[in-house]
1. Mind checking which lysines have their Cα closer than 16 Å to the Cα of residue 97? Skip sequence neighbours fewer than 8 apart in that chain.
2. Please tell me which of these pairs span more than 29 angstrom C-alpha to C-alpha: 209/296; 161/283; 133/158?
3. Run the 1.4 Å probe and let me know the accessible area of residue 34, rounded to the nearest 10 Å².
4. Let me test this: with uniform point scatterers at the alpha carbons of the chain, what is the Debye-based log₁₀ I(q)/I(0) at q = 0.07, 0.13, 0.14 1/Å?
5. Could you go through segment 128-135 in sequence order and give the Karplus-derived ³J(HN,Hα) for each residue, using 6.51 cos²θ - 1.76 cosθ + 1.60 with θ = phi - 60°, rounded to whole Hz, and x for Gly and Pro?
6. What list of ³J(HN,Hα) couplings, whole Hz, do you get for segment 217-230 from phi and the Karplus terms 6.51, -1.76, 1.60, once you set θ to phi - 60° and write x for glycine and proline?
7. HN-Hα J couplings of segment 306-313 from phi, Karplus 6.51/-1.76/1.60, θ = phi - 60°, integer Hz, Gly and Pro as x?
8. With all protein chains present, calculate the accessible area of residue 363 using a 1.4 Å probe and round the result to the nearest 10 Å².
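The values are calculated or read from the model by the stated rules, or taken from the named source; none is laboratory data. Given the structure is predicted, the values throughout are model-derived calculations rather than measurements. Positions of Cβ are generated from backbone atoms using ideal geometry, with glycine treated the same way; all protein chains shown enter the neighbour counts. Accessible surface areas use protein heavy atoms only, side chains included; no ligands, DNA or RNA. Shrake-Rupley method; radii C 1.70, N 1.55, O 1.52, S 1.80 Å.
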Amino acid sequence: MQKYLEDLKEYYPDEVEQENLFLSDFPLNTKEEWYEEIYKVLEKFKKPKDISSISWKTLDDLNLLPFYRREDLEPLEFIKEYPSVYPYTRGKSLSQKWEILQYIQGNKEEIFEKLEQTTRRGAEGVIIPFGDKSYPYTFYGTSIHNFEDLQDIIKQEKEYKFNSYIIGSSYHLFELLQKSLYDSVILFDPFLDFLLEGRFTYNFDDFIKYVEKHYKNHEKPFISVRGDIFQNAGLPPAMELGITLSSFAEILTHLQSLDLVSLLPRISLVQATGSLYFLEIAKLRATRRLIAMILKAFSIDDYRESPMQIAVNSLFHHSIYDIYNNMLRNTISCMGAIIGGVDSIVILPMSAVNNTDDEFTRRMAINTQLILKHESHLDFVTDPAGGSYYIE
């Protein structure tokens with residue numbers, strides 16, 4: 001800023017110096033003066049002079065005022081923190097770079113065909129559904145049932161240089177873990193089946209024993225918290241986040257005998273982003289700060305590799321009857337995830353809510369991310385939400 005002001009002197013030699021440059025043209029107004037102007041407008045439209053009449057009360061019972069000022073941020077301790085610095089509220093790095101994922105479903109032959117198409121689309125990773133249980137265990141569509149077929153698909157993904165992700169029920173993904181599948185990201189939520197069916201579909205104690213014995217063999221995350229199911233069930237952001245992080249804390253509680261610092265990079269969080277744009281950004285940023293608070297309870301004060309955050313667009317906010325409007329919803333969801341600072345994003349096709357896709361809808365799902373990355377350059381901005389009084 002100092003250099004910028006110095007450069008301007010050449011063009012505006014008579015202007016006042018330093019930070020006063022231009023500012024005299026824009027006098028500061030007090031909060032009371034703003035309220036007075038708002039009350040005049042309310043009076044004009046014969047509405048009560050009450051700021052709550054134009055405030056937004058969210059489904060989580062949060063009262064959001066129509067405007068905020070710098071002094072509203074003063075009590076917030078994280079305002080003076082930096083991006084890429086613990087506890088990562090403002091992002092894990094100095095950019096918003098993220099991994100572009102594509103979800104591919106179908107039988108083995110269909111998946112091979114879609115993988116070949118995806119090589120030309122710009123994706124960096126692929127998520128494959130496994131098992132005989134469909135949505136909400138998976139995002140939508142048909143899953144691969146046979147382990148040998150899945151191995152062939154993973155081999156093909158490696159040839160195409162895709163990162164491999166696998167999604168499914170607790171029961172089927174635990175089966176995969178026991179087959180020594182160490183080099184794929186496995187979105188295994190140990191509580192998923194219990195939440196959806198009211199019972200464990202596998203032996204939970206066996207899972208604990210497996211992790212204790214094999215967690216260091218896994219190159220990539222193999223334990224996940226499927227927060228997306230809570231949003232798709234209709235929960236508002238704060239409640240969704242609370243339950244998601246409760247699951248995360250419960251996993252750590254059962255595994256606290258291990259070296260949790262080594263275990264954390266092997267855990268991922270799958271979070272849905274919907275149409276509540278600013279709330280979704282705040283939710284994803286708050287996730288990292290709340291994780292740091294949870295870890296402090298486990299005597300971890302400064303972790304270097306936090307759990308991977310994967311974002312997927314929420315189907316709860318999709319239209320069944322007007323799928324082309326879902327392209328707009330997908331864009332809002334994707335931007336919220338990017339600005340929120342996640343590691344990886346999968347945008348489902350606009351027809352996914354109808355349990356279908358085709359080459360066009362899959363291509364549009366990828367293009368949503370490509371435009372935001374390579375044309376809007378959102379990946380070059382450091383914490384674009386930082387300083388927004390409303391989001392903070």
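1. 373
2. Result: 161/283 exceed 29 Å.
3. Here the residue's solvent-accessible area equals roughly 120 Å².
4. One equal scatterer on each Cα of the chain leads to -0.38, -1.11, -1.25.
5. 10, x, 10, x, 9, 10, 9, 3
6. Those phi angles translate into 6, 7, 6, 10, x, 10, 10, 9, 10, 8, x, 5, 5, 6 Hz.
7. Result, rounded to whole Hz: 7, x, 5, 9, 10, 10, 9, 5.
8. Residue 363 has an accessible surface of roughly 110 Å² with all protein chains in place.
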